[in-house]
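The values are calculated or read from the model by the stated rules, or taken from the named source; none is laboratory data. Everything quoted here is computed from the prediction, not taken from an experiment. We place every Cβ from the backbone using ideal geometry, glycine too, and count neighbours over all the protein chains shown. For accessibility, only protein heavy atoms count, side chains too; no ligands or nucleic acids. Shrake-Rupley method; radii C 1.70, N 1.55, O 1.52, S 1.80 Å.
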Amino acid sequence: MSELNFSSSTWAERFADFDWGRFEDLWRLQASEVEPGNVRRGGWSSVVRFTSADGEAFYLKRQENHDYRVWDKGLVRHPTVVREWQTAEDFRAFGICTAEPICLGVDQSGGSRGLLVTKALDEYESLEEVLKRLPGGSETRQRLWYRIADDVLRIHEQGYRHNCLYGQHI
């Protein structure tokens, strides 16, 4: 049985109003990929951007048989979006800015499908763009590096690790 879990009842109501209140509604949503999908782990994963009728933008990650195993629970398989959802929730709880998770969907009847919707980061400015604006050695640039270091330290103190921390992830 597939179901959607929303981060709030407000999001659940809004998505229902847009006819996106069920797993299959989002699974079948037609939208353009934002980057080429991944094919690995015996499955695939792709991300699309879509916009509601009122102009709000979202990202939808869909995965099929793109799983991870929970070792301490008998090698149970879960779509990797489950871990991404929990990580985003945890990061937000301990003060790390990250994309706002809107809903998580899992369907493990006859295979493994997962989906994750996050609010689009339209106000986002890449680290590369910010560094172009800030003169080398400036106090503002130094404060930025300290803020990044503090956030990475906070992530590590919570038991998380980031295996590929690139500027595009900041």
Problem set entry | the stretch 1-42 - Kirkwood radius from inverse mean 1/r over Cα pairs (Å) | 12.2
Exercise. Cα convex hull of the chain: mean projected area in nm², to one decimal?
Worked result: 11.8
Exercise. Counting every Cα pair in the stretch 1-100, what percent are over 21 Å apart?
Worked result: 43
Exercise. How many nm is it between the label spots at LEU127 and TRP44, if each spot is 7 Å from the Cα in line with the beta carbon?
Worked result: 3.1
For this session: Could you tell me how many degrees, from 0 to 90 and to the nearest 10, lie between the Cα long axis of helix 80-93 and the main elongation axis, the longest principal axis, of the Cα atoms of the chain?
Result: 50
Problem set entry | Heavy-atom surface of the stretch 33-170, accessible at 1.4 Å and reported per residue (Å²) | 62
Exercise. Fully extended, how many nm does the chain gain between VAL76 and ASP19 (0.36 nm per residue separation, minus their Cα-Cα distance)?
Worked result: 17.3 nm
For this session: Could you check how much of the accessible area of the chain is carbon and sulfur, as a whole percent, using a 1.4 Å probe?
Result: 48
Exercise. What percent do you get for the relative contact order of the chain when only Cα pairs under 8 Å and 6+ apart count?
Worked result: 19
Exercise. Can you list the HN-Hα couplings for the stretch 154-162, worked out from phi with the Karplus curve (6.51, -1.76, 1.60; θ = phi - 60°), rounded to whole Hz and with x for Gly and Pro?
Worked result: 4, 4, 5, 5, 8, x, 9, 9, 10
Exercise. Quick one: putting +1 on the C-beta of Lys and Arg, -1 on the C-beta of Asp and Glu, what dipole do you get for the stretch 37-137 around its Cα centre, in Debye to the nearest 20?
Worked result: 520
Exercise. Efficiency by 1/(1 + (r/R0)^6): what FRET value for THR98 and GLU35, r their Cβ-Cβ distance, R0 = 25 Å, to the nearest 0.05?
Worked result: 0.85
For this session: Within the chain, what's the longest run with no chymotrypsin sites (Phe, Trp or Tyr not before Pro) in a DSSP loop and at most 12 other beta-carbon atoms within 10 Å? Give the range, please.
Result: 1-93
Exercise. What distance in nm separates the simple spin-label points at ILE170 and ASN5, each placed 7 Å from Cα in the Cβ direction?
Worked result: 3.2
